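Engineer: Could you have a look at this structure, given as structure tokens, before my questions?
The values are calculated or read from the model by the stated rules, or taken from the named source; none is laboratory data. Model, not experiment: these values are computed from the prediction. Virtual Cβ from ideal backbone geometry, glycine too; neighbours counted across all protein chains shown. What goes into the accessible areas is simple: the full protein's heavy atoms, side chains included, and nothing from ligands, DNA or RNA. Shrake-Rupley method; radii C 1.70, N 1.55, O 1.52, S 1.80 Å.
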Amino acid sequence: MTEREKILGRIREALTVPAPRPGTHGGHEPAATLVGRPVHSAKPWLPDGGETPEAQIAYFRAASLDLKTDFRDAPDEGTAMAILKEIAQAEGWKKIATHRSELTDKAAAALGLPILHVEGGYDKNEMEACDVGITECDVLVAQTGSLIVTSRSSGGRALSVLPPHHVVIARREQLVRDLTAAFALIQQKYEGNYPSMISLVTGPSRTGDIERILVLGAHGPKKLTVILW
Amino acid sequence: MSSESQEFLQQAEVITKDLRHRGLIQTALRKYEVARDKRKSAFGDWQSSRQAAAETKWEAINHLDKYLTEFADKLEARGTKVHWCSTPDQARDIIVKIIADKKARCVIKSKAMTAEEIHLNAAMEKAGFEVVESDLGEYIVQLRKEPPYHIVFPAMHLTRDDISDLFQKELGSAPTREPEELTMIARRALRKKYIQADVGITGANFAIAETGMISLTENEGNARLTAALPKTMITLLGIEKILPKMEDLALFLPMLATAGAGQTVTGYNTLYGGPKQPGEVDGPEEWHVVLLDNQRSILLADPEQRDSLHCIRCGACLNVCPIFRNVGGHTYGTTYSGPIGSVITPHLRGLQSWKHLSSSSSLCGACTETCPVKIDLHHHLLQNRRNASQEEPNAMEQTAYKAFGFVANRPGMWQVGKELARMFQPLHKFVLGTKLDPARAWTATRDVQPVAKESFKEWWQKHKAEKQAK
Ligand code: SF4
């Protein structure tokens, strides 16, 4: 018998005795229950992300402020690229790391700086030495101020965490209300052939491990900028 | 009394008097409480969300065979190697062998309580590998050669000065009082390790059956790097981490972050479904997922306490527990401390040796109240006490209660006992708390109430007599 069979055998044996339904301690009936319903019916109980696109932008902005994400909502592409150039100058970027896609190509062209493209492999040390990683994202989440990057759509696993600054270029239509909508979108897009990594990124890298005092840039990027139009 | 129990009592005695420790923990936890309450208030209905989370985990745990099979099959279909381990020995051997086969030397690790549970670092070091913890808190306690203090906040018991001293000694850095500067010292030291490491080891917070993925929760980005740069990735997780569907994360990620750290969601929540896939630019060429039972199936066989496998290791029950807040994380002497540790350790490591943890409780129920997946923690502590005394009855205690019952049922004897107690109690103060004190077990840490000058019965008789006289 393999270890797999042994473990599954013990589990099946254990489960022959049923356990009581949860949340019924001391004979109390729980206030609301999901029994038999899918988990997305719990949606109204979770934090909200706004109904209209305007409300969603407002939620995303508020969350970004809280998370110390630099969020720039530009009226058009021209302004978005101008903002990007401004940041590049202010921080004195010398070299950028990015991947090939519609939006990142536009950004790279606007910046006109030396580029490390991840396609076809890259040197870890070289990427670490870049001032910024510029990526697209799959979806932005108003409820939490998060965005989702994947190993297929955002230049692999390291590009969004290795350089000290992560810049995300996005379109306003990519913003959805909440995590339920975001995961539904991911499933719809990739069902049957998922990227090997799907990461929900919420703010720049952070730690509170020293006296619970917030410090940004623990291991990943110290700065996260989201530019959309 | 077991040696574990004696050690617990000795350490607790020392640390509860340590005012510096108390101050540190109280400050840290106050900050946590403020943040948690703010996040909770953003929920439409926190209590219903808890119920939903409890039911979702119930579904997963009570059909664990089905979901685990689905999870493993899906992972294997995309080129991941899945290893099933019944015991810590098996898991350690498999992991050490994978690393040795790769002729690797340097291993980078992100936070994994399951690895603490099986003492993985010690095994890897014994095999001659260099192992570096990458989570800042874990890195600090690793440098101190200590186990993590708390399952979510490993270095909660240290001040910035402690950490600065440590870094000076171990890394040769300049002293500083800035948490920011300390973090950057660690960042620089660890970046080098990331680039060097041949193998990355992670834990997992959830295992998604539907899509065959693990979900990893962190704030620092260290797990992201651990899963991105080394050529080989190993993930160790307990079999109870299962969630049926990907959409369940829309509920569990906010619940975990809110209860655990007072965040809406943590910084990085990452799903991994395989090693580097065709067309991808980076990621490990090989991914091994090690599934660990280690007595979990025994816990599963107890329907009364099966729900303790619903635990998502958020640490919320530790944070609110008056015992944890006084004795601290290390006193427990267990991988999992606080209420959940007191509930499961007797199952994982022996009831008689660890039953004292179930007695170290005020039974206030704060843990049950706060648990995001509604585990009936404080009742489980009572059940552990019951099970322990059924398994090994305490003869002294039984005799004492029998004697008490015998006397209490005989009014005459009770009367005599009362008179004797009144007569001798004033003498008690001469031996109070000393070796001669017959009630020392009680009086060492508690006050004794004086026997009432007048009992209710005496009052009643007097009162009745007065009334009749009127
Ligand atoms: S028992 Fe509940 S509160 Fe305690 S760590 Fe587990 S999930 Fe969190």
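Engineer: So B:VAL152 passes all but one of these: (1) within 16 Å of the ligand (Cβ to nearest atom); (2) surrounded by fewer than 16 Cβ atoms within 10 Å (Cβ to Cβ). Which condition number does it fail?
Structural biologist: (2)
Engineer: Sticking with this structure for a sec: With B:LEU29, B:LEU19, B:LEU24 as the choices, which residue is loosely packed, with under 13 Cβ neighbours inside 10 Å and more than 30 Å from B:PRO393 (Cβ to Cβ)?
Structural biologist: Numbers: B:LEU29 fails: loosely packed, with under 13 Cβ neighbours inside 10 Å; B:LEU24 fails: loosely packed, with under 13 Cβ neighbours inside 10 Å.
Of B:LEU29, B:LEU19, B:LEU24, the one residue that is loosely packed, with under 13 Cβ neighbours inside 10 Å and more than 30 Å from B:PRO393 (Cβ to Cβ) is B:LEU19.
Engineer: Return the residue satisfying two criteria in turn: it lies in the range B:268-310 and is among the small types (Gly, Ala, Ser) and closer than 30 Å to B:ASN222 by Cα, and of such residues it is farthest from the other protein chains (Cβ to nearest Cβ).
Structural biologist: First, the residues of the range B:268-310 that are among the small types (Gly, Ala, Ser): B:273-274, B:279, B:283, B:297, B:301, B:308.
Okay, now just the ones that are also closer than 30 Å to B:ASN222 by Cα, so B:273-274, B:279, B:283, B:308.
Values: B:GLY273: 5, B:GLY274: 4, B:GLY279: 7, B:GLY283: 5, B:SER308: 11 Å.
Here the answer is B:SER308.
Engineer: Identify, from the list B:ASP73, B:ASP161, B:ASP101, B:ASP89, the residue that is within 14 Å of chain A (Cβ to nearest Cβ), open to solvent by 40 Å² or more (accessible area, probe 1.4 Å) and more than 22 Å from B:LYS241 (Cα to Cα). Reasoning before the result, please.
Structural biologist: Values: B:ASP73 fails: more than 22 Å from B:LYS241 (Cα to Cα); B:ASP101 fails: within 14 Å of chain A (Cβ to nearest Cβ); B:ASP89 fails: more than 22 Å from B:LYS241 (Cα to Cα).
From the options B:ASP73, B:ASP161, B:ASP101, B:ASP89, the qualifying one is B:ASP161.
Engineer: Given the criteria closer than 28 Å to B:ALA28 by Cβ, away from the ligand (no atom under 14 Å from the Cβ) and either surrounded by fewer than 23 Cβ atoms within 10 Å (Cβ to Cβ) or touching a residue at least 24 places away in the same chain (Cβ under 8 Å) (or both), does B:PRO303 qualify?
Structural biologist: Judged against the criteria, B:PRO303 is not a match.
Engineer: For the range B:315-330, what are the residues that are within 9 Å of the ligand (Cβ to nearest atom) and either within 9 Å of the chain's Cα centre (by Cα) or within 14 Å of another protein chain (Cβ to nearest Cβ) (or both)?
Structural biologist: Passing the criteria: B:GLY315, B:CYS317, B:LEU318, B:ASN319.
Engineer: Answer yes or no as to whether B:SER342 is of a type in the set (Gly, Ala, Ser), within 12 Å of the ligand (Cβ to nearest atom) and either touching a His at 6+ places or on another chain (Cβ under 6 Å) or in contact (Cβ under 8 Å) with a residue 24 or more places away in the chain (or both).
Structural biologist: Values: of a type in the set (Gly, Ala, Ser): yes; within 12 Å of the ligand (Cβ to nearest atom): yes; either touching a His at 6+ places or on another chain (Cβ under 6 Å) or in contact (Cβ under 8 Å) with a residue 24 or more places away in the chain (or both): yes.
Yes: the conditions hold for B:SER342.
Engineer: Limited to the range B:47-70, what total is found for residues that are in contact (Cβ under 8 Å) with a residue 12 or more places away in the chain, over 17 Å from A:PRO18 (Cα atoms) and at the interface with another protein chain (Cβ under 9 Å from one of its Cβ atoms)?
Structural biologist: Of the residues in that region, 6 qualify.
Engineer: A:ASP138: in contact (Cβ under 8 Å) with a residue 40 or more places away in the chain, closer than 25 Å to B:PRO278 by Cβ and acidic (Asp, Glu), yes or no?
Structural biologist: Details: in contact (Cβ under 8 Å) with a residue 40 or more places away in the chain: yes; closer than 25 Å to B:PRO278 by Cβ: yes; acidic (Asp, Glu): yes.
Taking the combined requirement at face value, the residue satisfies it.
Engineer: Taking the condition of being over 20 Å from the mean Cα position of the chain (by Cα) and part of a helix (DSSP H, G or I), how many residues in the range B:32-57 meet it?
Structural biologist: First, the residues of the range B:32-57 that are over 20 Å from the mean Cα position of the chain (by Cα): B:34-35, B:37-49, B:51-52, B:55-56.
Narrowing the set further to residues that are part of a helix (DSSP H, G or I) leaves B:34-35, B:37-40, B:46-49, B:51-52, B:55-56.
Qualifying residue count, the range B:32-57: 14.
Engineer: List, please: which pairs have Cβ atoms under 6 Å, are six or more places apart or on different chains, and start with a residue in the range B:2-25 that is over 21 Å from B:LEU351 (Cβ atoms) and not assigned by TED's automatic domain parsing to the domain that holds B:THR335 and end with one that is open to solvent by 60 Å² or more (accessible area, probe 1.4 Å) and small (Gly, Ala, Ser)?
Structural biologist: Correct list of pairs: empty, since none qualify.
Engineer: Would you call B:VAL265 part of a loop (DSSP other than H, G, I, E, B), away from the ligand (no atom under 14 Å from the Cβ) and surrounded by 24 or more Cβ atoms within 10 Å (Cβ to Cβ)? Steps first, please.
Structural biologist: Working: part of a loop (DSSP other than H, G, I, E, B): yes; away from the ligand (no atom under 14 Å from the Cβ): yes; surrounded by 24 or more Cβ atoms within 10 Å (Cβ to Cβ): yes.
Spelling it out, B:VAL265 is indeed part of a loop (DSSP other than H, G, I, E, B), away from the ligand (no atom under 14 Å from the Cβ) and surrounded by 24 or more Cβ atoms within 10 Å (Cβ to Cβ).
Engineer: Further, regarding this structure: Based on what the data block shows, is B:ARG144 surrounded by fewer than 22 Cβ atoms within 10 Å (Cβ to Cβ) and within 12 Å of chain A (Cβ to nearest Cβ)? Break it down stepwise before answering.
Structural biologist: On the way: surrounded by fewer than 22 Cβ atoms within 10 Å (Cβ to Cβ): yes; within 12 Å of chain A (Cβ to nearest Cβ): no.
Against the criterion (surrounded by fewer than 22 Cβ atoms within 10 Å (Cβ to Cβ) and within 12 Å of chain A (Cβ to nearest Cβ)), B:ARG144 does not qualify.
Engineer: Further question on the same structure: List the helices (runs of 4 or more DSSP H) that sit entirely inside the range B:358-470 and contain at least 2 residues that are among the polar types (S, T, N, Q) and open to solvent by less than 100 Å² (accessible area, probe 1.4 Å). Break it down stepwise before answering.
Structural biologist: Working: elements: B:366-370, B:377-391, B:395-408, B:411-428, B:440-443, B:456-469.
Ranges flagged: B:366-370, B:377-391, B:395-408, B:411-428.
Engineer: If you check B:THR270 against the conditions, is it among the hydroxyl-bearing types (Ser, Thr, Tyr) and open to solvent by 20 Å² or more (accessible area, probe 1.4 Å)?
Structural biologist: Working: among the hydroxyl-bearing types (Ser, Thr, Tyr): yes; open to solvent by 20 Å² or more (accessible area, probe 1.4 Å): no.
No; evaluated as a whole, the condition is false for this residue.
Engineer: May I ask you to verify whether B:LEU351 is in contact (Cβ under 8 Å) with a residue 24 or more places away in the chain and away from the ligand (no atom under 14 Å from the Cβ)? Spell out the reasoning first.
Structural biologist: Details: in contact (Cβ under 8 Å) with a residue 24 or more places away in the chain: yes; away from the ligand (no atom under 14 Å from the Cβ): yes.
It is true that B:LEU351 is in contact (Cβ under 8 Å) with a residue 24 or more places away in the chain and away from the ligand (no atom under 14 Å from the Cβ).
Engineer: Quick one: A:GLU5 ticks every box in (1) open to solvent by 70 Å² or more (accessible area, probe 1.4 Å); (2) more than 30 Å from B:LYS81 (Cβ to Cβ) bar one, so which box is it?
Structural biologist: Condition not satisfied by A:GLU5: (2).
Engineer: Got at least one residue in the range A:164-179 being within 8 Å of chain B (Cβ to nearest Cβ) and of a type outside the set (Asp, Glu)? Reasoning before the result, please.
Structural biologist: The initial filter retains those residues of the range A:164-179 that are within 8 Å of chain B (Cβ to nearest Cβ), namely A:178-179.
Now restrict to residues that are of a type outside the set (Asp, Glu): A:179.
Checked the range A:164-179: at least one residue is within 8 Å of chain B (Cβ to nearest Cβ) and of a type outside the set (Asp, Glu).
Engineer: Strands (runs of 3 or more DSSP E) wholly in the range A:94-179 with at least 2 residues that are open to solvent by less than 10 Å² (accessible area, probe 1.4 Å) - which ones?
Structural biologist: On the way: elements: A:96-98, A:115-117, A:132-135, A:139-141, A:146-150, A:165-170.
In the range A:94-179, A:96-98, A:132-135, A:139-141, A:146-150, A:165-170 are the strands (runs of 3 or more DSSP E) which contain 2 or more residues that are open to solvent by less than 10 Å² (accessible area, probe 1.4 Å).
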